[in-house]
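Right, one structure below, let's go through it.
Bear in mind these aren't lab numbers, they're just calculated from the coordinates by the rules spelled out. The structure presented is a predicted model; accordingly, all values stated were derived computationally and were not measured. Positions of Cβ are generated from backbone atoms using ideal geometry, with glycine treated the same way; all protein chains shown enter the neighbour counts.
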Amino acid sequence: MKVGWSTWLYRRKVRQFEEVLRRRLCEIAATYVRYGYRRLTVLLRREGWKVNAKRIYRLYAEEQLIVRMKQRKKIGRRQRLAAPLAVGANVCWSMDFVSDKLADGRSFRILTVVDQFTRECVWLEADRSMTGMKVVHALEKARGERGSLPKSITVDNGSEFCSRALEAWVIEHGVQLCFIRPGRPVENAFIESFNGRLRDECLNVEWFSFAGRCQAEAGEVPRALQSPTSAQCIGGSDAGGFRGAAPARQGKS
C-alpha cells in the first residue's frame, strides 16, 4: 500500500487555542457540575468563544466530564389480562387512596373501595399511614360487611397494592388484581369519580382534628354519598335499591 510521506510523517499540532478552551471548559464544568455539554457550549458562547457543540462534546468526553443521569426506577411488567365486566353487584371492585391534612397540618390517607356495578362505596379506611397489611385488614372488614368478595379489584401501581401481603391475600381468596397502566387513572374511572365527590362533599367541608375522628365519620360518608346526585347514573334509584333490583333486571334480559 502506497502512503504519501506527508501522511506518514503527519503529527497532530496542538493548538494553544484548544488547550485554553479545554481549561476553561473544565473550570465551567467544575462550577456547574450538573450541566451537560450543550449548556456548557451556551455558556462558552456567551463569553465570546467561537465554538460549536461538536468540538465541545469532543473535549467534554476526553476530560470525562459526562454527567451521570439518575436511572429511572423500572416498574415490573405485569401481564395485562382482560378485566372482567361488572355484570352484577359485588363482582368487580375498584380501590384507591385519597390524601388530606388534619387541623394541625399532619397528613392522613383514606382507602376507598367502590363497587363498579352499583357505584356504591363498599368501604372507607382512614389512617395516618397505609400499608399493604392495613389494606388487607380493610378488605377483610369489607367482606364482613358485604358477605363475600369480588372476582376482581382494579387498582393502580401504588406500593401498597403491589405489596407481598396483598398479593398473598388475593391468591389465597382467589381474587384477581387488575393493575392499570402507570399514568392512566382514566382506566380506573369509577374510583376516580367517587374520590372527586368524596373530596368535594366531605373533605373540603369537614375539618378533622385527628385521624380517629375521620375514621369514626367514615362510616357515615358512604351513606351520605348515596344521594340523588350519585344516583343519576343508575336510573334515579339509590345504590341499595339498584343492587336489589339488579337480579330481576338481568332475569328479564
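Treat the count of other C-beta atoms within 10 Å as a stand-in for reagent exposure and order 175, 205, 67 from fewest to most.
Working: 175 17, 205 8, 67 13.
Lowest to highest Cβ neighbour count: 205, 67, 175.
Spin-label point model (7 Å from Cα, Cβ direction): what's the residue 140 to residue 206 distance in nm?
For the pair residue 140/residue 206, the computed spacing is 2.5 nm.
Among 17, 117, rank each residue by its count of other Cβ atoms within 10 Å, from fewest to most, as a rough exposure measure. Before the final figure, lay out each step's value.
On the way: 17 11, 117 22.
Fewest-to-most Cβ neighbours within 10 Å comes out as 17, 117.
Between residue 38 and residue 186, what is the spin-label point distance in nm, taking each point 7 Å from the Cα along the Cα→C-beta axis?
Between residue 38 and residue 186, the simple spin-label model gives 2.9 nm.
Just subtract the alpha-carbon distance of residue 3 and residue 101 from 0.36 nm times their residue separation and send over the number in nm, one decimal.
On the way: separation 98, 0.36 × 98 = 35.28 nm, distance 7.87 nm.
Stretched fully, the residue 3-residue 101 segment lengthens by 27.4 nm.
May I ask you to list the aspartates and glutamates whose Cα is less than 15 Å away from that of residue 151, ignoring any residue fewer than eight positions away on the same chain?
115, 140, 167, 172
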